[in-house]
Structures are given as C-alpha cells and as structure tokens.
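Every number here is computed from the coordinates shown, using simple stated rules; none is lab data. A quick note: this is a predicted structure, and the numbers were derived from the prediction, not measured. Virtual Cβ from ideal backbone geometry, glycine too; neighbours counted across all protein chains shown.
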Amino acid sequence: MALELYKRALNSATFEAAKYILPRVTSSLRGMKKSDVVLELYVELNELYGESIVDNVLLTSVAAAYCDRSMFDDARRCVEKALEMSNGVPSQELSLVIDRVNRDKNYEEKTKHINIKA
C-alpha cells in the first residue's frame with residue numbers, strides 16, 4: 001500500500017519533491033526484499049535525470065541495496081560518493097552500510113587506497 005502511494009506521489013511530484021521521496025521509496029522497496037527493483041530504479045533515474053537526482057541519502061539506500069545483492073564493489077562506489085557529498089561525515093544509516101561493506105571478505109585488499117571510516 002505504501003509503495004503504491006509513493007508511486008503516485010512520484011508521478012505527480014516536482015523534481016525537488018521527487019528527490020525527497022526517492023530515498024523513502026528505495027527504503028520501502030528494500031524492506032519488501034526488492035533490492036533488485038531499487039537498483040533498476042536507480043539506473044532508470046540516472047538515465048532520465050543524470051546525477052542531478054542523486055544525493056547522499058539516495059546513494060546510501062542504493063549502496064545498501066547493492067550490499068543486499070552482494071555487489072560490494074558497486075556498494076563501495078556509492079558509499080564513496082555519499083561520503084563525498086556529505087563532506088566525509090556519514091549519517092547513521094551510511095555508517096551502517098559502511099559496516100556492511102567492510103564485512104566484504106575482500107574489502108581490505110580492494111580498498112587499501114581508500115580511507116573509509118564509520
């Protein structure tokens with residue numbers, strides 16, 4: 001039900017309102033175990049709007065969806081962008097995603113050059 005309401009809101013929303021609604025939609029989708037839909041939506045939004053629709057809150061949700069799908073390299077890229085957008089100060093949600101990315105068994109080897117702190 002909530003997802004249908006979000007879809008209606010997105011269809012009639014201004015660009016700025018859509019930026020506010022999208023992270024909530026992606027969070028709801030993840031709660032429904034539909035991380036694949038989150039990733040499809042993210043790709044679609046990038047094609048429609050480019051990077052202008054993306055903010056650190058949306059990237060946090062997308063990074064979590066990548067973690068859900070065990071796509072840690074993609075999650076890492078989203079985490080890095082989200083950290084950059086938030087001036088290196090992660091939100092509580094982003095810190096949780098960083099913890100998930102850090103648990104990737106190959107994390108240390110892959111990210112020797114990156115300094116991600118939770």
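Each label was represented as a point 7 Å from its Cα along the Cα-to-Cβ direction; for residue 11 and residue 80 these points are 3.9 nm apart. Residue separation of residue 51 and residue 20 scaled by 0.36 nm, minus their Cα-Cα distance, works out to 9.7 nm of gained length. Taking a straight Cα-Cα cut-off under 17 Å and skipping sequence neighbours fewer than 8 places away in the same chain, the aspartates and glutamates within cross-link reach of residue 33 are 4, 68.
Listed by chain and number, the aspartates and glutamates whose C-alpha is less than 13 Å from the C-alpha of residue 81, apart from same-chain residues fewer than 8 away, are 51, 55, 73. Given in Å, the Rg to one decimal and the Dmax to the nearest whole number for the Cα atoms of region 2-106 are 13.2, 43. Our coupling estimate for region 72-83, obtained by passing each phi through the Karplus curve with A = 6.51, B = -1.76, C = 1.60 and θ = phi - 60°, is 5, 5, 5, 4, 4, 4, 5, 4, 4, 5, 4, 5 Hz, Gly and Pro reported as x.
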